[in-house]
1. In debye, nearest 20, what is the charge dipole magnitude of the stretch 131-188 about its Cα centre with +1 on Lys and Arg Cβ and -1 on Asp and Glu Cβ, if you could check?
2. Does the stretch 1-119 come out rounded, prolate or oblate, given a ≥ b ≥ c as the square roots of the eigenvalues of its C-alpha gyration tensor, rounded meaning a/c under 1.5 and, failing that, prolate meaning a/b above b/c?
3. In what sequence, highest mean first, do 17-23, 50-56 appear when ranked by Cβ atoms within 10 angstrom?
4. Compute the helix-to-body angle for 160-183: its Cα long axis versus the longest principal axis of the chain, expressed 0 to 90° and rounded to tens.
5. Please give the net charge around Pro145, taking every other residue with its beta carbon less than 11 angstrom from that of Pro145, where Lys and Arg add +1 and Asp and Glu add -1.
6. Just report the Cα centroid separation between the stretch 1-35 and the stretch 161-188, whole Å.
7. Can you sort Met15, Met1 from fewest to most other Cβ atoms within 10 Å of each residue's own Cβ?
8. For a footprinting-style exposure proxy, rank Ser61, Ser13 by other Cβ within 10 Å, fewest first.
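Bear in mind that the values in this text are calculations on the coordinates, not laboratory data. All of these numbers come straight from a predicted model, not from anything done at the bench. Note that each Cβ is placed from the backbone with ideal geometry, even for glycine, and that neighbours are counted across all protein chains shown.
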Amino acid sequence: MKRIVVLISGRGSNMRAIVDARIAGAEIAAVISNRADAAGLAFAQGRGIATRVVDHRPFASRAAFDTALAEEIDAFAPDLVVLAGFMRVLTDDFVLRYQGRLLNVHPSLLPAFSGLDTHRRAIEAGVRVHGATVHLVTPQLDAGPIVAQAVVPVLPGDDPAALAARVLREEHRLYPQVVRWFVEDRVDVDRQGGVRVHGAGRSEQTMCVPQLDAG
Ligand code: GAR
């Protein structure tokens, strides 16, 4: 059984999608938040999953917070640490501690639109496609090896909220799929950061293009 710790900061809908996917061979060992008011914590508790809060505010430095966070994570001995809307920049030491087993979902087609406010920036740039990326986390922000991406159209009249909702639906499809690949030991990363997924079938390609509604 592979043990997974999920880190959230808020709503936790990606965490929920991963829990609801009931991935064979995986146990969600804990959900940890840096905010006590993160809505996702109640969902996890309702499912009988252990939850912890490590509030970043009392810590004097990023390093001190990350050390405390790592202690909480390590108590659950995870095989995989999944960032799911965890809105903290992590120190290099933290990232390197979980190298190769630390995943993130980002709401853009990286390397485009790293950082925040991705949907507004995509609309303003006039791109015709946008999406989500699941990648391994490395010290450079939003720049780790890309495991899979999901593409959505940017439609005339889209505002950031409408585009965010379309992307989020794909995140909920993409992230559990990638977590399952890791649980099944099907992901290899070479020295250049190239990612290979073994045995991916047609229904689980590394780039997911959603069906468009006829309307
Ligand atoms: C998701 O859209 C995720 O891609 C994004 O935050 C949202 C969290 O939603 N993450 C980032 O922007 C990371 N830089 P959720 O809490 O409902 O999963």
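1. So the dipole magnitude of the stretch 131-188 works out to roughly 140 debye.
2. Verdict is rounded for the stretch 1-119.
3. Highest-to-lowest ranking by the protection proxy: 17-23, 50-56.
4. Rounded to the nearest ten degrees, it is 60.
5. Spelling it out: positives minus negatives among the neighbours equals 0.
6. A separation of 13 Å, based on Cα centres.
7. Fewest-to-most ranking of Met15, Met1: Met1, Met15.
8. Going from sparsest to densest Cβ surroundings: Ser61, Ser13.
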